[in-house]
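Encoded as structure tokens, the structure appears first; notes follow it.
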Amino acid sequence: MTEPRPLALVTGASSGIGFELARQFAEHGFDLLVNAEDPTIDTAAARLRGSGTAVSGFQADLRTTAGVDALWDAVQATGRPLAAAALNAGVGKGGPFVDNPLEDELSIIDLNVRSTVVLAKHVLRDMAARGEGRVLFTSSVASTMPGPYQAVYNASKSFVQSFAEALAKELEDTGVTVTSLMPGPTDTEFFERGDLMDTTLGQGPKDDPARVAEQGFAALMEGRTKALGGSAMSKAQAVVNSVLPDRLKSAGHAKMAEPGSAE
């Protein structure tokens, strides 16, 4: 009898980095449970099947408590342990904080922060009890700087980055690894969905999501604490941000993300 294939969970997997992460798992011998809030997750699941990979698509809005609970129930219903989880679901919103609808800003917090914490609690408790498992958090180079005109989004990614690095330390020597993936601007639907297409950031160069996912998957499997994703330029930005004062990073981000700056 052949050994059962390991099972991985990927959230935000209908497109972009999430879909490409799911593809990496599929190509490296994992079965998959993939999640997104929209019905296109079923199309994504169909694309991922092949080469013996079993893929289940599960539609749930993780901005809600009911959605997070339903997804975890679906994981448990497989009757299989999670070998890996990529907590990738996230959303952003451009524009001045005082003008943006409060519900949009709270939606960022609910998805990027709250759902990530709740799912991590479920996933990591289970993995720690078994003494094995791998978790990847999709953070961002945005976590390294204040984000004028993306104030809540950047703050949410700063939370994710700090959270992931803290968990990596807590869980070292347990058999469970935690990795944060820090992409720069990537060619996904993020900019259109976040009303950033009229900004210098939205119109600027972007990295290939497949390349970012490949880098993140490699870091996860190697057990690294964090990985900068994307091009050499994106990685250099993160390195420079580690030494620049916040006031300079804030001013630079404002020029890139200010509405109308692409004109």
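The values are calculated or read from the model by the stated rules, or taken from the named source; none is laboratory data. Treat the numbers as computed from the prediction; the structure is a model and nothing was measured. Cβ coordinates were reconstructed from backbone atoms using ideal geometry, including for glycine residues, and neighbour counts include every protein chain displayed. For accessibility, only protein heavy atoms count, side chains too; no ligands or nucleic acids. Shrake-Rupley method; radii C 1.70, N 1.55, O 1.52, S 1.80 Å.
General remarks:
- Averaging the Cα positions of each part gives two centres, and for the stretch 37-79 and the stretch 206-243 these lie 26 Å apart.
- Backbone HN-Hα couplings from phi across the stretch 110-126 [Karplus 6.51/-1.76/1.60, Hz, Gly and Pro as x]: 4, 7, 6, 10, 4, 5, 5, 5, 5, 5, 4, 4, 4, 5, 6, 4, 5
- Dipole magnitude for the stretch 46-152: computed about the Cα centre from +1 point charges on Lys and Arg Cβ and -1 point charges on Asp and Glu Cβ, it is near 540 debye.
- Positive-end residue, the stretch 77-150 charge dipole about Cα centroid, Cβ charges, pick of Asn88, Val141, Pro101: Asn88
- Pairs of Lys in the stretch 121-263 closer than 19 Å at Cα, counting only those 8 or more apart or on different chains: 12
- Percent breakdown of C-alpha pair distances by 5 Å bin, ordered from the shortest bin, for the stretch 162-226: 4, 16, 20, 16, 14, 13, 10, 5, 2, 0
- Each Lys and Arg Cβ is given +1 and each Asp and Glu Cβ -1; about its Cα centre, the stretch 26-87 then shows a dipole of about 180 debye.
- Calculated P(r) tail over 25 Å for the chain, as whole % of Cα pairs: 41 percent
- Helix-only arithmetic for the chain: the sum of -39500 (n - 2.57) across DSSP H runs with n ≥ 4, divided by the residue total, places the mean residue ellipticity at 222 nm at -14000 deg cm²/dmol.
- Dipole magnitude for the stretch 100-201: about 420 debye, using +1 per Lys or Arg Cβ and -1 per Asp or Glu Cβ, origin at the Cα centre.
- Computed over protein heavy atoms with a 1.4 Å probe, the carbon and sulfur contribution to the accessible area of the chain reaches 54%.
- Inter-part distance where the stretch 167-186 and the stretch 123-142 are each reduced to a Cα centre, Å: 7 Å
- Positive end of the dipole of the chain (Cβ unit charges, origin at the Cα centre): among Ala8, Thr64, Phe19, the Cα lying farthest that way belongs to Ala8.
- The equivalent ellipsoid of the stretch 128-243 has semi-axes of 27, 15, 12 Å, largest first, where each one is the square root of 5 times an eigenvalue of the Cα gyration tensor.
- Per residue accessible area in Å² of the stretch 219-259, where ligands, DNA and RNA are left out and the probe is 1.4 Å: 59 Å²
- A dipole drawn for the stretch 136-263 from +1 and -1 charges on Cβ atoms has a positive end, and of Pro185, Leu171, Thr199 the residue lying farthest that way is Leu171.
- When each of the peptides 33-40, 84-91 is scored by the mean number of other C-beta atoms lying within 10 Å of its residues, the order from highest to lowest reads 84-91, 33-40.
- Counting DSSP beta bridges with both ends in the chain, the antiparallel % (nearest 5): 5 percent
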